[in-house]
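Engineer: Here you go, one structure.
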Amino acid sequence: MTKSYKELLPQIKAFVFDMDGVLTNGQFQVSETGQPLRNLNSKDGYALQLAVKKGYVVAVISGGHCDGVKSRLQQMGITDIYMSQYDKTEAWKDLLAVYEHQNLKAENILYMGDDLPDYKLIEWAGVGATPSNGAAEIKGISNYVSSQKGGKGCVRDVIEQTLKVQENWMLANDLKW
């Protein structure tokens, strides 16, 4: 019998996210200098920085590149940011190697992606997740499809659920930035 995603959440030690379509809504404007401008959700941001503070590995693996998003993620304490990744599997392998000393394995990672370049990482992760507006092929292999869209709270959704299952949510220090 296949396990429910909730039964898999206790083993999660790391959260890895795609950028466009997960951390952002996948739509962006272009500045006068040609730089793409993306929006991040504040509730997702709160959950990301909270996960970092609680000692979870938090990483981003994206085919896109945005210095503004990278800067904001770094302000939240995220140091493992892989942008402009033509082949996301290489970044995945690098991340596992970086945290090998902490005994981080694929089954300890919740990966959230929304489109075909995320396919292998969704398959390899302990919990594969996608926003409600993820591609049909990604929904088909994900352990969990969030009720929230990309850039609209899906990141908060999976982090909050994981922390609640692990009894690591709404603790005294969680009420502060």
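Engineer: Hey, among the residues in the range 162-177 that are part of a helix (DSSP H, G or I) and either among the small types (Gly, Ala, Ser) or in contact (Cβ under 8 Å) with a residue 12 or more places away in the chain (or both), which one's nearest to residue 117 (Cα to Cα)?
Structural biologist: The qualifying residue nearest to residue 117 (Cα to Cα) is 162.
Engineer: Just a yes or no: is a residue in the range 98-110 small (Gly, Ala, Ser), under 21 Å from residue 174 (Cα atoms), touching a helix residue (DSSP H, G or I) at 6+ places or on another chain (Cβ under 9 Å) and at pLDDT 95 or above?
Structural biologist: No, the conditions are met nowhere in the range 98-110.
Engineer: Turning to a different aspect of this structure: Looking at the range 141-161, I want the residues that are of a type in the set (Val, Ile, Thr) and have a partner that is part of a loop (DSSP other than H, G, I, E, B) with Cβ atoms under 8 Å, at least 6 apart or on another chain. Which pairs are those?
Structural biologist: Pairs that qualify, where the first residue is of a type in the set (Val, Ile, Thr) and the partner is part of a loop (DSSP other than H, G, I, E, B), are 145/131; 145/132; 145/134; 155/22; 155/23; 155/41; 158/146.
Engineer: Consider the range 74-109. How many of its residues are surrounded by 11 or more Cβ atoms within 10 Å (Cβ to Cβ), among the polar types (S, T, N, Q) and under 23 Å from residue 5 (Cα atoms)?
Structural biologist: Within the range 74-109, residues that are surrounded by 11 or more Cβ atoms within 10 Å (Cβ to Cβ), among the polar types (S, T, N, Q) and under 23 Å from residue 5 (Cα atoms) number 2.
Engineer: Just give me the residues in the range 12-44 being surrounded by fewer than 18 Cβ atoms within 10 Å (Cβ to Cβ), not charged (D, E, K, R) and not in a loop (DSSP other than H, G, I, E, B), in sequence order. Steps first, answer last, please.
Structural biologist: Narrowing the range 12-44 to residues surrounded by fewer than 18 Cβ atoms within 10 Å (Cβ to Cβ): 27-37, 39, 42-43.
Now drop any that are not not charged (D, E, K, R), which leaves 27-31, 33-37, 39, 42.
Matches in the range 12-44: 29, 30, 36, 37, 42.
Engineer: State which residue is farthest from the chain's Cα centre (by Cα) when the search covers only the range 100-116 and only residues that are in contact (Cβ under 8 Å) with a residue 12 or more places away in the chain and over 19 Å from residue 158 (Cβ atoms).
Structural biologist: Top of the filtered list is 102.
The values are calculated or read from the model by the stated rules, or taken from the named source; none is laboratory data. In this text the structure is predicted, and so the values were computed from the model without any measurement. Here the Cβ is made from the backbone with ideal geometry for all residues, glycine too, and neighbour counts use every protein chain on show.
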